[in-house]
Amino acid sequence: MRIVLATGNTGKLKELQRLLAALEVELIPQTVLGVEPAEEPAPTFVENALLKARHASLRTGLPAIADDSGLVVDALGGAPGVLSARYAGVGGDDAAHNRRLLEELADVADGERGARFRCAAVYLSNAQDPVPLIAEGVWEGHIARSARGAGGFGYDPLFIDPCLGKTSAELSDEEKNQRSHRGQALRALVSALRTRLS
Ligand code: ITT
């Protein structure tokens, strides 16, 4: 079985490939198949994940898995949320997003820097699949005052896991997948998919 992975984010792709390895199916990144990024206009992670999976499935004729995710910061009223990939403007890179986040939180006290990563993961057997598999994950933490660590991607250098006292960029790939929003969502998705395929 071949499944297209509907993401153009290389950091995310690496994590998805590792989390889905247990499925023992052929995972093909959409970029390899020439699929351009989908529009993500919706206000919820679930809707955007469905749009991405449907777009990739329509273009390739393959089943698709997509992830829509982001950082939800209490002191910013939930921003950047579904706009996490565009926080510093379209084309902004991870460093620019992190700079903006630190600027916005410059006057926010240590006890008020709560945040969480959210992930919605979706599987569609085809573009018209009326019963998509949907799974979600949440990783609670808070935002550091400066970047730490070289692993991961995106906001990882600023996101502190309170149990470990480390940023997610200071965790190994395995440790991050164990705890992360994406790890939680993908483990649940894999389990639902195994049931569907059995
Ligand atoms: P695709 O839509 O092609 O998958 P994207 O980066 O645009 O790639 P999203 O729209 O889901 O994906 O945006 C998610 C953003 O949230 C991502 O670009 C990061 O900035 C941030 N993010 C999500 N998960 C993260 C994680 O595990 N670590 C750090 N930042 C993360």
Suppose every Lys and Arg Cβ carries +1 and every Asp and Glu Cβ carries -1, with no other charges. What dipole size does the chain come out with about its Cα centre, to the nearest 20 debye? 440
Which of the lysines could a cross-linker bridge to residue 166, judged by Cα under 24 Å and excluding same-chain residues fewer than eight apart? 12, 14, 176
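Considering every Cα-Cα pair within the chain, what fraction, in whole percent, is farther apart than 28 Å?
Values: 4741 of 19503 pairs.
Above the 28 Å cut-off, the chain has 24 percent of its Cα pairs.
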The range 88-146: which chymotrypsin sites (Phe, Trp or Tyr not before Pro) are DSSP loop and have at most 13 other beta-carbon atoms within 10 angstrom? none
For the range 21-65, shape from the Cα gyration tensor axes a ≥ b ≥ c, cut at a/c of 1.5 then a/b versus b/c, turns out oblate
For the range 41-198, report the accessible area per residue in Å² (1.4 Å probe, heavy atoms, rounded to an integer). 45
Diffusion coefficient, µm² s⁻¹, Stokes-Einstein with Kirkwood Rh over alpha-carbon pairs of the range 1-97 at 10 °C and 1.306 mPa s: 112
Share of accessible surface on carbon and sulfur in the chain, whole %, 1.4 Å probe and ligands ignored, is 52
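Please give the FRET efficiency for residue 2 paired with residue 39, using the beta carbon to beta carbon distance and R0 = 25 Å, rounded to the nearest 0.05.
For R0 = 25 Å, the calculated efficiency reads 0.50.
Once you have a ≥ b ≥ c as the square roots of the Cα gyration tensor eigenvalues for the range 96-198, tell me rounded if a/c is under 1.5, and otherwise prolate or oblate according to whether a/b is larger than b/c.
Numbers: a/c = 2.78, a/b = 2.17, b/c = 1.28.
Verdict is prolate for the range 96-198.
Local charge sum around residue 29 (other residues, Cβ-Cβ under 15 Å, Lys/Arg +1, Asp/Glu -1)? Could the numbers behind the result be given before it?
Working: positive: 2, 12, 14, 18, 52, 59; negative: 15, 26, 36, 67.
With Lys, Arg at +1 and Asp, Glu at -1, the neighbours total +2.
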Mind jotting down the distance between the C-alpha centroids of the range 9-39 and the range 119-198, whole Å? 14
Which whole-number percent gives the relative contact order of the range 1-58, counting Cα pairs below 8 Å spaced six or more residues apart? 41
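Which helices of the chain meet both criteria: a Cα extent of 18 Å or more along the helical axis and a mean Kyte-Doolittle score no lower than -0.5, with helices taken as whole DSSP H segments? Mind showing how you got there, number by number?
Details: long enough: 45-60 (23 Å, -0.05); 181-197 (24 Å, -0.11).
Within the chain the helices that satisfy the rule are 45-60, 181-197.
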Cα convex hull of the range 78-129: how many Å³ per residue? 112
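The values are calculated or read from the model by the stated rules, or taken from the named source; none is laboratory data. Keep in mind it's a predicted model, so treat the numbers as computed, not measured. Don't worry about glycine lacking a Cβ; one is built from the backbone with ideal geometry, like all the others, and counts go over all protein chains shown. What goes into the accessible areas is simple: the full protein's heavy atoms, side chains included, and nothing from ligands, DNA or RNA. Shrake-Rupley method; radii C 1.70, N 1.55, O 1.52, S 1.80 Å.
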